[in-house]
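Trainee: Mind having a look at this structure? Questions to follow.
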Amino acid sequence: MILWWCILFLSLLGTDNKCVRGQFDGNGFISIDCGLPENGSYIDDHTKLSYISDTQFIDTGLNHNISKEYTPSVSKQYLTVRSFNSGTRNCYSLKSLVPGSKYLIRATFLYGNYDGLNQFSMFDLYIGVNFWKTVNISNAVTPVIAEVITVALADYVQVCLVNTGGGTPFISSLDLRPLKDTLYLLANSTQSLALVKRLNAGPTDTTIIRHF
Ligand SMILES: *[C@@H]1O[C@H](CO)[C@@H](O)[C@H](O)[C@H]1NC(C)=O
Ligand SMILES: *[C@@H]1O[C@H](CO)[C@@H](O)[C@H](O)[C@H]1NC(C)=O
Ligand SMILES: *[C@@H]1O[C@H](CO)[C@@H](O)[C@H](O)[C@H]1NC(C)=O
Ligand SMILES: *[C@@H]1O[C@H](CO)[C@@H](O)[C@H](O)[C@H]1NC(C)=O
């Protein structure tokens, strides 16, 4: 749906823009595997979602593979990261969104000793100018997952990693999902909802939690 709006919008304007580079999949999802080589992409075995490289969403940072000792035990999105050694604030731009619409944004962070330094870091996440969460990395293999439900005020949302003096910020993946405006009414144009914990109150098969 969003993709169609986007194409319609662009054809009305007659401009060539980001949609052409295919940031959305057929569901209107954006699924980014940070640190993948430019133009890299793959279908995730588990979710069947198409993950793409982050190159078209950010101009700063460096790509890394996590350390080999951790690669057998983690899912594919965690195998590469992008890190930000310079600049206090580095931002991803998720573009061609529908202003006023509601989105779920998920960011994940798995250190995996990508820099060979075995040093854990702590940094802040922002949605635009609004504080989202402090990411506290306290081991190499447990992913930190941040989720927020937010209303896009413009046709883009910026996700920013801010160095607060606790070591180099990095990121493993970034996902955006459109939500119906009638869901999560607490999220509106003046406030967002940040995930504290997701509880599975039903089935014991926890894999369903990953599909959204
Ligand atoms: C990535 O794709 C763009 C657009 O097709 C192309 O211009 C660019 O050269 C590609 N980069 C690499 C590293 O292949
Ligand atoms: C990551 O590993 C792949 C092969 O597994 C290699 O081609 C690539 O250059 C590595 N990337 C970095 C940034 O070291
Ligand atoms: C970060 O996480 C570690 C390990 O869980 C904890 O000991 C430490 O207090 C945390 N730091 C902050 C500032 O929350
Ligand atoms: C967003 O929701 C909060 C709490 O329900 C409310 O105080 C605020 O006025 C709402 N903002 C808008 C623009 O509706």
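The values are calculated or read from the model by the stated rules, or taken from the named source; none is laboratory data. This is a predicted model, so every value here is computed, not measured. Note that each Cβ is placed from the backbone with ideal geometry, even for glycine, and that neighbours are counted across all protein chains shown. Quick note on the areas: whole protein, heavy atoms, side chains included, nothing else; ligands and nucleic acids left out. Shrake-Rupley method; radii C 1.70, N 1.55, O 1.52, S 1.80 Å.
Trainee: Assess whether Leu199 counts as being open to solvent by 50 Å² or more (accessible area, probe 1.4 Å), more than 15 Å from Ile127 (Cβ to Cβ) and at pLDDT 80 or above.
Mentor: Spelling it out, it is not the case that Leu199 is open to solvent by 50 Å² or more (accessible area, probe 1.4 Å), more than 15 Å from Ile127 (Cβ to Cβ) and at pLDDT 80 or above.
Trainee: Related question: Which condition number does Ile171 fail, the rest of (1) among the β-branched types (Val, Ile, Thr); (2) more than 21 Å from Ser138 (Cβ to Cβ); (3) at pLDDT 95 or above being met?
Mentor: Failing condition for Ile171: (2).
Trainee: Considering each residue of region 51-88, count those that are surrounded by 15 or more Cβ atoms within 10 Å (Cβ to Cβ), of a type outside the set (A, V, I, L, M) and not in a loop (DSSP other than H, G, I, E, B), and give that number.
Mentor: Residues in region 51-88 being surrounded by 15 or more Cβ atoms within 10 Å (Cβ to Cβ), of a type outside the set (A, V, I, L, M) and not in a loop (DSSP other than H, G, I, E, B): 14 in total.
Trainee: Pick out the one residue from Tyr126, Tyr92, Tyr103, Tyr111 that is over 21 Å from Leu36 (Cβ atoms), surrounded by 21 or more Cβ atoms within 10 Å (Cβ to Cβ) and not hydrophobic (A, V, I, L, M, F, W, C).
Mentor: It is Tyr103.
Trainee: Another question, if that's okay. What's the number of the condition Leu117 fails, among (1) touching a helix residue (DSSP H, G or I) at 6+ places or on another chain (Cβ under 6 Å); (2) without any contact (Cβ under 8 Å) to a residue 24 or more places away in the chain?
Mentor: (1)
Trainee: Give all pairs with beta carbons closer than 9 Å in which a residue from region 96-108 that is on the phi > 0 side of the Ramachandran plot meets a residue that is assigned to a strand (DSSP E or B); count only pairs at least 6 apart in sequence or on separate chains.
Mentor: If the second residue must be assigned to a strand (DSSP E or B), the pairs left are Gly100/Val151.
Trainee: Another question about this same structure. So in region 145-157, with the set limited to residues that are of a type outside the set (Gly, Ala, Ser) and buried (at least 18 other Cβ atoms within 10 Å of the Cβ), which one is farthest from Gly100 (Cα to Cα)?
Mentor: Glu147
Trainee: Just a yes or no: is a residue in region 27-36 more than 18 Å from Ser75 (Cβ to Cβ), at pLDDT below 50 and outside any helix (DSSP H, G or I)?
Mentor: No; the residues of region 27-36 include none that is more than 18 Å from Ser75 (Cβ to Cβ), at pLDDT below 50 and outside any helix (DSSP H, G or I).
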